[in-house]
Structure formats: C-alpha cells, structure tokens
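Novice: Here's a structure for you.
The values are calculated or read from the model by the stated rules, or taken from the named source; none is laboratory data. Predicted model only: the values in this text are computed from it and were never measured. Here Cβ is always computed from backbone atoms with ideal geometry, including for glycine, and neighbour counts include all displayed protein chains.
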Amino acid sequence: MIMLRGYRMNLMHEFYQQPKLLTPKEAADVIGYSADTLKNWRNTGLMELPFHKLGKSIRYDLQDLEDFKNGK
C-alpha cells in the first residue's frame, strides 16, 4: 500500500480492477466472428455489443464480450 494525499491505495488491487480492453481482432476471436463483422455491427447498430472509442482506436471490454457470448 502507498499513501497519496491522505488516501491509502493498494496498487495491485487497482491494477486488477481495470477492465481488460481488446482490439477488434482480439474481440472477434473471443466471440467467434470476424473483425469485419464487428465493424459492420458498430456502423449499423445491428447488434448491441458495447465498445469504447479511444481516439481513433476501438476497444472492447472482455467482460462485455463474455456476456455477449453467453447471451446476457
């Protein structure tokens, strides 16, 4: 643990709480579709699969992908 302006922080805990963000290719591999299909879904809104736009980059949260794959 470290002290930062009066706050105790457990850095390992904070690190492991961060979502695992995947590229469209990695995300496609997880759910069994192509990266082009994911791009089509983003552009058309055909499937509601959450994604994050970070500058020009697209990223998918691993937990969202697992939920999608399991039908949640």
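Novice: Inside region 17-29, can you point out the residues that are loosely packed, with under 15 Cβ neighbours inside 10 Å and at pLDDT below 95?
Specialist: Passing the criteria: Gln17, Gln18, Pro19, Lys20.
Novice: For residues in region 38-72 being assigned to a loop (DSSP other than H, G, I, E, B) and surrounded by 15 or more Cβ atoms within 10 Å (Cβ to Cβ), which is nearest to the chain's Cα centre (by Cα)?
Specialist: Among them, the one singled out is Phe51.
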